[in-house]
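Just so it is clear, none of the values below were taken in a lab; they were calculated from the coordinates. Quick caveat: nothing in here was measured; it's all calculated off a predicted structure. Ideal geometry is used to build each Cβ from the backbone, glycine not excepted, and the neighbour counts take in all protein chains shown.
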Amino acid sequence: MLTTEQILERRDWALGGVNLSGYGEIGRGKVRDFYELDPQRRLVVTTDRQSAFDRVLGLIPFKGQVLNQLSRFWFEHTADLVPNHLLDVPDPNVMVVKRAEMFPVEVIVRGFLTGVTDTSLWVMYQEGNRAMYGLEFPDGLKKNQPLPTPIITPTTHAEVGGHDRPLSRETILNEGLVAPEHWQTIERAALAVFARGQEIARQAGLVLVDTKYEFGLIDGQVALVDEVHTPDSSRYWLADTYQARFDQGQEPDNFDKELLRLWMREQGFRGDGEPPALTDDIIARLSQRYQACYEKLTGQTFEVDFSLKPEDRIRHNLKKAGL
Ligand SMILES: Nc1ncnc2c1ncn2[C@@H]1O[C@H](COP(=O)(O)OP(=O)(O)O)[C@@H](O)[C@H]1O
Ligand SMILES: [Mg+2]
């Protein structure tokens with residue numbers, strides 16, 4: 001893991017985007033830039049852009065590398081369960097992937113009754129809902145308690161500025177969002193990948209609490225795409241302290257980007273208006289949190305190639321890979 005000094009010294013190295021002339025840019029998400037290699041293959045560049053509350057707040061050095069390398073780890077550790085889009089990782093921040101026809105549904109899997117947003121189980125439950133996402137819940141459940149078995153709580157894939165809408169299997173099938181045979185495959189794959197994720201996280205001393213998957217069709221087959229079990233798409237807690245803290249009615253120790261949400265709240269931000277500007281302190285802490293998550297889960301030391309600026313290194317590595 002890099003020291004605070006190493007991170008802050010390289011603040012101007014943070015990757016806000018990359019201009020790859022010679023490759024056709026086809027899109028830009030909040031965090032990733034896409035280029036088309038040919039009709040079947042894309043380059044995905046994971047930048048250091050930090051999003052929260054559905055907007056980009058700034059840059060966190062080395063975060064893009066963590067997300068890219070962690071997704072690679074998870075694609076490799078789940079490839080026996082479901083096909084995925086990964087072809088190659090020519091650079092720490094870049095993946096070559098197969099183009100997928102995306103399903104218009106975000107597949108969220110939850111192992112615990114928790115969350116802070118409008119579509120989270122705990123917030124809906126606390127408001128008195130007992131039927132959520134097509135499932136029934138009993139009275140008397142406590143915040144942060146494990147569900148008897150992980151469940152799928154799908155939502156729509158919100159347009160920019162829009163809000164996710166809770167779905168159920170019934171709505172997905174009735175509205176024809178996903179064909180029934182594909183939805184069945186997606187449900188099975190999502191639960192299997194989540195179980196694998198919980199198992200590997202557990203061995204690393206973490207609890208995989210919930211996560212978001214995206215699926216698409218590649219060559220007519222359901223495939224896992226986008227990112228997998230990163231601290232951006234998932235909630236992680238420290239396993240060691242979970243039970244004692246739960247028993248005492250305390251919040252679990254978070255090990256993901258909850259750090260940022262809590263910090264923003266401390267600054268008085270409630271989700272509306274201008275978000276607070278990120279300080280050096282939160283930038284370094286957040287970068288280290290992402291790196292620590294990578295190191296814990298993979299058992300590898302997080303290492304950075306300091307010989308070239310990321311943008312130059314990416315161009316160099318793409319050329320070297322013959323892309
Ligand atoms: N293999 C793929 N083929 C086509 N689209 C993909 C593939 N993998 C991911 N995507 C899409 O690329 C985008 C990921 O970029 P990101 O910056 O995370 O976007 P967002 O702001 O929507 O989260 C998502 O819209 C996702 O649905
Ligand atoms: Mg995304």
For Gln300, the net charge from surrounding residues (Cβ-Cβ under 15 Å; K, R +1; D, E -1) works out to -2
Summing -39500 (n - 2.57) over every DSSP H run of at least 4 in the chain, dividing by its residue total and rounding to the nearest 500, the 222 nm mean residue ellipticity is -10000 deg cm²/dmol
Among Lys98/Lys319; Lys143/Lys296; Lys98/Lys309; Lys257/Lys309; Lys30/Lys142, the pairs whose Cα-Cα distance exceeds 31 Å are Lys30/Lys142
With a Förster distance of 35 angstrom and the Cβ-Cβ distance between Ala277 and Ala195, calculated FRET efficiency to the nearest 0.05 equals 0.30
Between Asp38 and His157, the FRET efficiency computed from the C-beta separation at R0 = 30 Å comes out, to the nearest 0.05, as 0.75
Neighbours of Gln40 by Cβ distance under 10 Å: Lys/Arg at +1, Asp/Glu at -1, summed charge +1
One quarter of the C-alpha convex hull surface, i.e. the mean projected area of the chain in nm², amounts to 17.0
Computed for the stretch 240-323: size of charge dipole around the Cα centre, +1 on C-beta of each Lys and Arg, -1 on C-beta of each Asp and Glu, debye to nearest 20, value 480
